[in-house]
Structures are given as C-alpha cells and as structure tokens.
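**Student:** I am attaching a structure below and will ask some questions about it afterwards.
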Amino acid sequence: MPTPRDLDLLATQVFDVLVLGGGITGAGIARDAALRGLTVALVDKGDFASGTSSRSSRLVHGGVRYLEHGHLHLVFEASAERRRLLRLAPHLVRPLAFTWPVYQGQRLPVWKLAAGLTLYDALALFRNVERHKRLRPDGVLAWEPALERSGLRGGVRYFDAATDDARLTLANVLDARAAGAVVMNHLAVTGAGTVRDGLRAVTVEHALDGARAELRARVIVNAGGPWSEGVLGRLGMPAAQRMRGSKGSHIAVPRARVGNRAAVTLTHPGDGRVMFALPAGTHTIIGTTDMFTEESPDAVRAGAGEVRYLLDAANALFPDAKLVRDDVVAAWSGIRPLVPTGGSSVAASREHALARADGVVSITGGKLTTYRVMASQATDAAQQMLGRRVTKSPTRDRPLHGGDVDAGAALKEALRVTPDAAFATRLVQAYGSEWRDVHAYCERSDAARAPLVEGLPYRMGEMAWSVEREAACTLGDLLIRRAHVAFETRDNGRAAARRVAAHLRWPDAELARYDAEVERIFAITS
C-alpha cells in the first residue's frame, strides 16, 4: 500500500503516461507502454480487476455468438488473440471443450450450427485446439450424459479457452511493474489539476488511509471501462462518445448437482439466448445475462429475476439438477462498456473505440479476449500524442508474468512435491513459473500450510505471498480476486476472512470492510 511518503515522492515525478483504470485493458496498456520504454503509472480506485474484469464468464474465446450478428472481424481478431494467449499464458489460459446440444424446435438446426462452426474454425485459420465435430444424439450424450434427452436432435463439439480473469489482469500488472511501471491500487482520482507546460495533472486520494497527492503526466489514458465517463468528468472533459452499459450476471451452483463434465453451450428455453454452463472446480458457473442497464457499476448486483432466469436455463438442459435459489452458492454481475450501435445489447458489437483530445486517450468497448490489441492501439496513440515514433508492441510474443512455463510438465512436478492434487493444480494454474516459490512459501510453517477452506485448493501461505508480492492490500483483494474463495463459499468467504485477518494480524476494521464489499458484490437484489 502506498504511504503518504510514497505519494509525496510520486508527486515529484513526471510520467510519460498515466493510466486511469486497472482492469484488464488498463493493465494491458500499462504493460505495453512500460515495455516500449515509456515511464508509466497505473492507478485504480479499487483493486486491480475489481470491476468487470473479475466478474466475467472467465473465457478467452473467439465469440461464436457473434457470428450470427455478422461481427466477423471481431471473431477473427478474438480467435487470433485466443491462440496467442494460449501460448503466452499457458498457466492462466487453457483449452476448454464445449458441447452444444440442439433440440427439436430450436431456431438453429444442427446443420446450420455445424456450418457456422466451420466458419468459426476458418476464421481461426483452422488453428484452434481442435476443429469442431458434428455429433449425433448419442454422441452428445457420450460427452454430457446429464443433458436432457427428450427432443435431442444432435449437436456439435468445439473448443475455446478458460481463464482466471482477475489473475490474467494481475499478470499484466505484475509484468508492467517488472518493466518499470509504478502500479497503485485503491488510489482514486478526485479531480484534475492545472494543465501547464504540456503536462496534465490529476489529484488522487488513497481509499484506505486518505493520503493525497497530485500526479503529473504528459499523456493520460482513460481506461475506466464502465466508469470511463465519470473519469472524463473528473478531468473536466466531456465524453466523446456515450458508452452503454450491458449487465451480465452469473451464478455458481454445485457442479455435482448439474452434472456437466466440461463446458456446455445452452439455449435458454424462454428467449433462445445462447448461454454457458462452465466448469469451475467443484462448481458450475451459469451465465450470462445480457441487457442494457443504467445501474451504477459501483453498485451492480444480480437480481432475483436474473437468478431465476439462469436457474431456468440450467434446469431445462439438466433435468435432474432441479436447482432452486437455495442451491446458488454465489451470484454476481458486471457491466460491459459497449460502444452504442443501436439494437439490443445481445446484437451490439464488442468492438472497441479510441478517442483522443487535449492530452487524453480514451478507450472503451471491447472484450477481455482482445484486451492486448486494445492496449497496443492505445499505446500507439499515446506515443503519437507524445510526439514519439510509434514502435512495435512487444506484447505479441512476450510471455505474461508466470507464462514462461510448460504447464503440463510443471503440473507433473507439482504432483510429485505435494500429495494434494487440487493444490498442485492451483499452484501451476495461478502462479505459472513461480509455483515452486509459492509452494515453498506455503511450507514455511504449519500455519502457512493450512487450507483456507476445507475442500478448496487455497492455502494460508498464499495470502501472505499476495500481500508481499502481488499488491494485495485488503481481504477483498485476497479472497475475491487473488483467490476465488468469495465465489466458492456460501458465506462468500466471511469465515475465511476472519482466519486470514488473524493470520495476518489485520484489525477488525478490515473485517468490516470485507463484509461491506461482499455484500455490495454478492447480495441478490429483490
């Protein structure tokens, strides 16, 4: 956590680029700019990835749903980025098989779906993990035997990729820091200072201790996502283009109740929307909704109607699940910042938009999968605004933090050093090439070795590691974003928070802060 002295020292510096917003896009921009040799600061009023970037479907995907709306360029771009991230972050981005069943009466017959996925493979230049396969009804049930059998006409099997969205964001932050960027979470922009001598200034205040400072930069990059218009307002600037927020809600339920073996693409029985049932350890994530909203991104939560909508979809496709609201372990929402194009939020393009004015670059729209492209273009714009030669982005080929690892070989080695297979998998998939260091950190004492929650793969030692090495400042940083405890426990990690606070010797005020944060994120509105 920055101290008042740290902020005073920062106020004496002049940065080439000050990035406002530590979600996946802002983190990617800070990394790209620092790797190109610019002096960079990255700030976020909350934790890194504390907004939409930790509340996604946790997918890196080409966007098969976008084919229907003709967004072929986006699918091509996203497919290329999926392939790149599988290579550059093999610990965080992993192949995921999807089964898409087709039932009698649905608007997409099997032949049409198979034709669409042939185009999907083609837009990936036939370089996906595997090409799609058309399945007969018995083939669908061989992969996913818990699916509804009545009316099943067949289906397809195809591949995308799964990720840990918050840790993917963090990997960019840590790589930016290693390249020389100053990265600060819980540091809110409160206003704009005077523009003088070609420099822009912003006033900031630390949310946890009230320390204040003025930061100066030659170029400011607004990567505030759904907060972008508010950021421009604090800078005293009008929004170049009004962003529309699309609310996406998810629920986590016990995977044993659903019975999905891998990922299932499902069609909602009510309105025909394409959704997913996604494996997440011992849980299944059902999502997502997609509707325009005026809700504040600071307060957005899943509503009771959205939870029913998601449960209805799961129960229709998995008839033995018989899920009710009490089966929901966690429910959460995020707001996607979409560039308005008219029509519904489902049909709206996930393309991004870039605007430049008065020393400020603003970027909005886009999707998690294509964040690196967005970051590259924003950094190009910043270099142009600085009057520098635009240099090639080094992020096309540079592994992300922890990504210089053979994930398969690392897992085999981890399984030799720990008898807990779930913990071994966690070590490799969360930390990549640093897994041995984290394991050693967790072996320092019985207390560090202790599980955070029985049945989940997290250790107490990881919490101290994240405070020391990963910029975690609060219990929310630890249990919501560095680990997914809040998403995987019925009390949203409240009991674990008490044990972690005791282990770290943090005050009761931090427990109150955590309780308020999980209430804000996970409480279901009526």
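Yes or no, residue by residue, for (1) of a type in the set (Asp, Glu); (2) assigned to a helix (DSSP H, G or I); (3) closer than 20 Å to Ser228 by Cβ:
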{"site": "Leu7", "(1), (2), (3)": "no, yes, no"}
{"site": "Leu18", "(1), (2), (3)": "no, no, yes"}
{"site": "Asp32", "(1), (2), (3)": "yes, yes, yes"}
{"site": "Ser56", "(1), (2), (3)": "no, no, yes"}
{"site": "Leu67", "(1), (2), (3)": "no, yes, no"}
{"site": "His91", "(1), (2), (3)": "no, no, no"}
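**Student:** Another one. Within the range 248-264, is there a residue that is farther than 25 Å from Phe522 by Cβ and either at pLDDT below 95 or in contact with a helix residue (DSSP H, G or I) (Cβ under 9 Å, 6 or more places away or on another chain) (or both)?
**Tutor:** The answer is yes; a qualifying residue exists.
**Student:** Further, regarding this structure: In a loop (DSSP other than H, G, I, E, B), modelled with pLDDT of 95 or more, touching a Leu at 6+ places or on another chain (Cβ under 8 Å) and not acidic (Asp, Glu) - does that describe any residue in the range 111-132?
**Tutor:** Looking through the range 111-132, none of the residues is in a loop (DSSP other than H, G, I, E, B), modelled with pLDDT of 95 or more, touching a Leu at 6+ places or on another chain (Cβ under 8 Å) and not acidic (Asp, Glu).
**Student:** If you check Val264 against the conditions, is it in a strand (DSSP E or B) and either within 18 Å of the chain's Cα centre (by Cα) or farther than 28 Å from Val518 by Cβ (or both)?
**Tutor:** Spelling it out, Val264 is indeed in a strand (DSSP E or B) and either within 18 Å of the chain's Cα centre (by Cα) or farther than 28 Å from Val518 by Cβ (or both).
**Student:** With (1) within 23 Å of the chain's Cα centre (by Cα); (2) modelled with pLDDT under 95 as the list, and Pro419 as the residue in question, which single condition is left unmet?
**Tutor:** Pro419 satisfies all of (1) within 23 Å of the chain's Cα centre (by Cα); (2) modelled with pLDDT under 95 except (1).
**Student:** Determine whether the range 283-306 contains at least one residue that is more than 15 Å from Ser57 (Cα to Cα) and in contact with an Asp or Glu (Cβ under 8 Å, 6 or more places away or on another chain).
**Tutor:** Taking every residue of the range 283-306 in turn, none turns out to be more than 15 Å from Ser57 (Cα to Cα) and in contact with an Asp or Glu (Cβ under 8 Å, 6 or more places away or on another chain).
**Student:** Another question about this same structure. Checking Val189 against (1) buried (at least 22 other Cβ atoms within 10 Å of the Cβ); (2) under 22 Å from the mean Cα position of the chain (by Cα): exactly one of these is not met. Which one?
**Tutor:** Failed condition: (2).
**Student:** Given the structure, is Val102 surrounded by 16 or more Cβ atoms within 10 Å (Cβ to Cβ), in a loop (DSSP other than H, G, I, E, B) and either at pLDDT 95 or above or not assigned by TED's automatic domain parsing to the domain that holds Val467 (or both)?
**Tutor:** no
**Student:** Does Leu72 satisfy being at pLDDT below 95, surrounded by fewer than 19 Cβ atoms within 10 Å (Cβ to Cβ), within 26 Å of Gly155 (Cβ to Cβ) and among the hydrophobic types (A, V, I, L, M, F, W, C)?
**Tutor:** Here the answer is yes, as Leu72 does meet what is asked.
**Student:** Now for a different question. Hey, does the range 509-522 have a residue that's in a helix (DSSP H, G or I), under 27 Å from His401 (Cα atoms), among the hydroxyl-bearing types (Ser, Thr, Tyr) and not assigned by TED's automatic domain parsing to the domain that holds Ala49?
**Tutor:** Taking every residue of the range 509-522 in turn, none turns out to be in a helix (DSSP H, G or I), under 27 Å from His401 (Cα atoms), among the hydroxyl-bearing types (Ser, Thr, Tyr) and not assigned by TED's automatic domain parsing to the domain that holds Ala49.
**Student:** What number of residues in the range 364-381 are outside any helix (DSSP H, G or I) and either at negative phi or within 14 Å of the chain's Cα centre (by Cα) (or both)?
**Tutor:** Looking only at that region, the number is 3.
**Student:** Looking only at the range 167-203, which residues are assigned to a loop (DSSP other than H, G, I, E, B) and not charged (D, E, K, R)?
**Tutor:** Result: Ala179, Gly180, Ala181, Asn185, His186, Gly193, Thr194, Val195, Gly198.
**Student:** Which ones in the range 384-394 are crowded, with 18+ Cβ neighbours inside 10 Å and under 27 Å from the mean Cα position of the chain (by Cα)?
**Tutor:** Ser393
**Student:** Looking at (1) farther than 22 Å from Pro399 by Cβ; (2) in contact (Cβ under 8 Å) with a residue 12 or more places away in the chain, which is the only condition Leu42 fails?
**Tutor:** Leu42 satisfies all of (1) farther than 22 Å from Pro399 by Cβ; (2) in contact (Cβ under 8 Å) with a residue 12 or more places away in the chain except (1).
**Student:** Shifting gears a bit: Which one of the conditions (1) part of a helix (DSSP H, G or I); (2) within 22 Å of Val19 (Cα to Cα) does Arg257 fail to meet, given that it meets all the rest?
**Tutor:** Checking Arg257 against (1) part of a helix (DSSP H, G or I); (2) within 22 Å of Val19 (Cα to Cα), the one that fails is (2).
**Student:** Let me ask another. Return the pair list, or none, for Cβ contacts closer than 9 Å from residues in the range 131-154 that are closer than 27 Å to Ser79 by Cα and of a type in the set (A, V, I, L, M, F, W, C) to residues that are surrounded by 15 or more Cβ atoms within 10 Å (Cβ to Cβ) and at pLDDT below 95, at least 6 apart or on different chains.
**Tutor:** Close Cβ pairs (under 9 Å, with a partner that is surrounded by 15 or more Cβ atoms within 10 Å (Cβ to Cβ) and at pLDDT below 95) amount to Leu135/Val110.
Here's the yes/no breakdown for (1) part of a loop (DSSP other than H, G, I, E, B); (2) closer than 22 Å to Glu488 by Cα; (3) of a type in the set (D, E, K, R):
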site	(1), (2), (3)
Leu415	no, no, no
Ala422	no, yes, no
Thr425	no, yes, no
Tyr431	no, yes, no
Glu434	no, no, yes
Glu454	yes, yes, yes
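**Student:** Same structure, new question: Please tell me if Val438 is under 30 Å from Ala496 (Cβ atoms), in contact with a helix residue (DSSP H, G or I) (Cβ under 7 Å, 6 or more places away or on another chain), without any contact (Cβ under 8 Å) to a residue 40 or more places away in the chain and β-branched (Val, Ile, Thr).
**Tutor:** Yes: the conditions hold for Val438.
**Student:** Which condition from (1) surrounded by fewer than 22 Cβ atoms within 10 Å (Cβ to Cβ); (2) farther than 20 Å from Glu351 by Cβ; (3) in contact (Cβ under 8 Å) with a residue 24 or more places away in the chain is the one that Trp111 breaks?
**Tutor:** Among (1) surrounded by fewer than 22 Cβ atoms within 10 Å (Cβ to Cβ); (2) farther than 20 Å from Glu351 by Cβ; (3) in contact (Cβ under 8 Å) with a residue 24 or more places away in the chain, the lone unmet condition for Trp111 is (3).
**Student:** Give me a count of the residues in the range 471-497 that are outside any helix (DSSP H, G or I), touching a Phe, Trp or Tyr at 6+ places or on another chain (Cβ under 9 Å) and charged (D, E, K, R).
**Tutor:** Qualifying residue count, the range 471-497: 0.
**Student:** Report whether or not Ala471 is of a type outside the set (Lys, Arg), in contact (Cβ under 8 Å) with a residue 40 or more places away in the chain and farther than 26 Å from Arg255 by Cα.
**Tutor:** yes
**Student:** Within the range 293-333, restricting attention to residues that are within 24 Å of the chain's Cα centre (by Cα) and aromatic (Phe, Trp, Tyr), which residue is surrounded by the fewest Cβ atoms within 10 Å (Cβ to Cβ)?
**Tutor:** Looking at residues that are within 24 Å of the chain's Cα centre (by Cα) and aromatic (Phe, Trp, Tyr), I get Tyr309.
**Student:** Could you look through the range 120-149, keep only residues that are surrounded by fewer than 17 Cβ atoms within 10 Å (Cβ to Cβ) and within 23 Å of Arg87 (Cα to Cα), and pick out the one that is nearest to the chain's Cα centre (by Cα)?
**Tutor:** Among those that are surrounded by fewer than 17 Cβ atoms within 10 Å (Cβ to Cβ) and within 23 Å of Arg87 (Cα to Cα), it is Val129.
The values are calculated or read from the model by the stated rules, or taken from the named source; none is laboratory data. Since the model is a prediction, treat every value here as computed from it, not as a measurement. Neighbour counts run over all protein chains shown; Cβ positions are idealised from the backbone, glycine included.
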